[in-house]
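A short write-up of the structure that comes next.
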Amino acid sequence: MFTWDQEEMNDLIANKKPWKKDPHFFKHCKISAVALIKMVMHAKAGDDMEVMGVMQGFPVGETLYVLDVIPLPEEGTETRISTSE
């Protein structure tokens, strides 16, 4: 399903960086079902607070593939961010 070319990825990230020239470079984003479920669960757990997290994946052409997410234990509003442990 996915192919990986380490040299191409290194060149893309280190040299080309097309997203620096065109902020609308990526036209599509594909999110795995597991990542989506983890995002929704984290958002629901935050109730009415803003929640944060990190998405992990990789670019292929004009598409970003999100394979996993990591929820962060911070909560934020318009004026503050608090870290909960």
Residue check for HIS28: within 14 Å of the chain's Cα centre (by Cα), at pLDDT 85 or above and not basic (Lys, Arg):
yes
Within segment 49-67, the residues that are of a type in the set (Ser, Thr, Tyr) and either surrounded by 14 or more Cβ atoms within 10 Å (Cβ to Cβ) or without any contact (Cβ under 8 Å) to a residue 24 or more places away in the chain (or both) are TYR65
Which residues, taken from segment 35-48, are exposed (fewer than 15 other Cβ atoms within 10 Å of the Cβ) and either modelled with pLDDT of 95 or more or out of contact with any strand residue (DSSP E or B) (no Cβ under 7 Å at 6 or more places or on another chain) (or both)?
LEU36, ILE37, VAL40, MET41, LYS44, ALA45, ASP47, ASP48
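The values are calculated or read from the model by the stated rules, or taken from the named source; none is laboratory data. Because the structure is predicted, anything quoted here is derived from the model rather than measured. Ideal geometry is used to build each Cβ from the backbone, glycine not excepted, and the neighbour counts take in all protein chains shown.
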